[in-house]
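Provided herewith is a single structure, encoded as structure tokens, for subsequent inquiry.
The values are calculated or read from the model by the stated rules, or taken from the named source; none is laboratory data. Since the structure is predicted, the reported quantities are computational estimates derived from the model, not experimental observations. Virtual Cβ from ideal backbone geometry, glycine too; neighbours counted across all protein chains shown. Only protein heavy atoms, including side chains, enter the accessible area calculation; ligands, DNA and RNA are left aside. Shrake-Rupley method; radii C 1.70, N 1.55, O 1.52, S 1.80 Å.
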Amino acid sequence: MPVAAPTPMLVNASRFRAAHEADWARLDALVTRVEKRSVRVLADDDLLAMPLLYRTALSSLAAARATSLDRALVAYLEQLCTRAYFQLYGPPGSAWAQVGRFFRRDWPAAVQGLWRETLAALLLTVAAALAGFWLVRADPAWFYGIIPDAMAQGRDPTATADGLRATLGGHGQGGGREGMLAVFATFLFTHNAQIAIFSFALGLAFGVPTVLLIAYNGLTLGAIVAVFAGKGIGIDFAEWLAIHGTTELFAIMLSGAAGFRIGLAFAFPGRRARGDAAVEAGRGGAVVMLGAVVMLAVAGLLEGIGRQTVTAGATRAAIGAAMLVGWLLYFYLPRSVERGDGAR
């Protein structure tokens, strides 16, 4: 004789609601207060009770689903549990609050944590720039092995001083020269953005590609400076570069530092698993890289200002120096530590 399938246990909806409705109502009230204002408006007892009430509501929802209670009650509990979950475990604060916390705390803290790697990127850049400068000054043929034609845009050892000076803007160049300068600036910005992104992304390969990219960026800088310095206009080029280059080169070094940290974690994980160490390093590196993208955008804006508005070399240099000092103070100036509730 076949056995009948068990039927779901039926629970009286009115009794079930009466037994738990007070807890649901209290949780609903607490969640509503947090939604309208913030978690700081809750008393200590309410803060401690909210997770317990949330788990009680989850249990009630599970029972309501399992015992086929009315759909209206199930829908109410689903909505209440969802709202409580986002207030307990969702992203803290509004999107604007998270953006503010990123610029106020997360990004500077991540950069400070990479100060050794950033110093290494700086020293590598300077050493490579000096090497590129010396190679091109000793033998101009080296320039063509370091700088691609698309980047040089006629700024090579065969160019005249007047021709090189005209490409810097603010020296009476014609419309064609302005177009050439725009093309060169766009290519240079794209080149540096690619260097920054790949320096971070390729750090996982034990940091070796990152070292090569940072060194190559320094070589190209030194080679270009050698061409302008060889024509007696090295200062003019430095002033043109300063207005956006201090921000742009800083962003590249930070990206390289993040890549170095990932590479070191992957190569020397310690007692952790290699993948876990790299992922942990990648989290902080991702924060630095996101900020570096912001810096590259600022550099692009400054480059446009230097090309179209500010043409005096001394003014360009002053703006570049001010930007560098500003970044250093922003990243490395000691600041108070924020508590998790947002108070200082």
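Considering only residues of the stretch 30-58 that are of a type in the set (Gly, Ala, Ser) and surrounded by 12 or more Cβ atoms within 10 Å (Cβ to Cβ), which is farthest from the chain's Cα centre (by Cα)?
Looking at residues that are of a type in the set (Gly, Ala, Ser) and surrounded by 12 or more Cβ atoms within 10 Å (Cβ to Cβ), I get 57.
Something else: State yes or no: is residue 321 open to solvent by 20 Å² or more (accessible area, probe 1.4 Å), among the hydrophobic types (A, V, I, L, M, F, W, C) and modelled with pLDDT under 90?
For residue 321, the condition - open to solvent by 20 Å² or more (accessible area, probe 1.4 Å), among the hydrophobic types (A, V, I, L, M, F, W, C) and modelled with pLDDT under 90 - is not met.
Quick check on the stretch 133-160: of everything there that is assigned to a helix (DSSP H, G or I) and within 30 Å of residue 290 (Cβ to Cβ), which residue is least open to solvent (accessible area, probe 1.4 Å)?
Only one residue tops the list, namely 151.
Then there is this: I'd like the full set of residues that are open to solvent by 50 Å² or more (accessible area, probe 1.4 Å) and aromatic (Phe, Trp, Tyr), limited to the stretch 196-251.
Within the stretch 196-251, 198, 206, 216 qualify.
Taking interchain pairs and intrachain pairs at least six residues apart, which have beta carbon atoms under 8 angstrom, with the first residue in the stretch 280-291 and in contact (Cβ under 8 Å) with a residue 12 or more places away in the chain and the second β-branched (Val, Ile, Thr)?
Partner pairs satisfying both residue conditions: 281/262; 282/262; 285/262; 288/111; 289/197; 291/111.
When you check residue 272 against the structure, is it open to solvent by 30 Å² or more (accessible area, probe 1.4 Å), in a helix (DSSP H, G or I) and among the charged types (D, E, K, R), yes or no?
The answer is no for residue 272.
Kindly list the number of the only condition in (1) open to solvent by 80 Å² or more (accessible area, probe 1.4 Å); (2) at pLDDT below 85 that fails for residue 66.
Result: residue 66 passes all but (1).
Exactly one of (1) of a type outside the set (Lys, Arg); (2) touching a residue at least 24 places away in the same chain (Cβ under 8 Å); (3) farther than 29 Å from residue 14 by Cβ is unmet by residue 89. Its number?
Among (1) of a type outside the set (Lys, Arg); (2) touching a residue at least 24 places away in the same chain (Cβ under 8 Å); (3) farther than 29 Å from residue 14 by Cβ, residue 89 violates only (2).
Given the residues 154, 132, 93, which is the only one that is at pLDDT below 90, small (Gly, Ala, Ser) and over 30 Å from residue 49 (Cβ atoms)? Give the steps one after another, and end with the answer.
Numbers: 132 fails: at pLDDT below 90; 93 fails: over 30 Å from residue 49 (Cβ atoms).
Selected residue: 154, the only one of 154, 132, 93 that is at pLDDT below 90, small (Gly, Ala, Ser) and over 30 Å from residue 49 (Cβ atoms).
Could you go through the stretch 333-343 and let me know if any residue there is touching a helix residue (DSSP H, G or I) at 6+ places or on another chain (Cβ under 8 Å), of a type in the set (D, E, K, R), loosely packed, with under 13 Cβ neighbours inside 10 Å and at pLDDT below 80.
Checked the stretch 333-343: at least one residue is touching a helix residue (DSSP H, G or I) at 6+ places or on another chain (Cβ under 8 Å), of a type in the set (D, E, K, R), loosely packed, with under 13 Cβ neighbours inside 10 Å and at pLDDT below 80.
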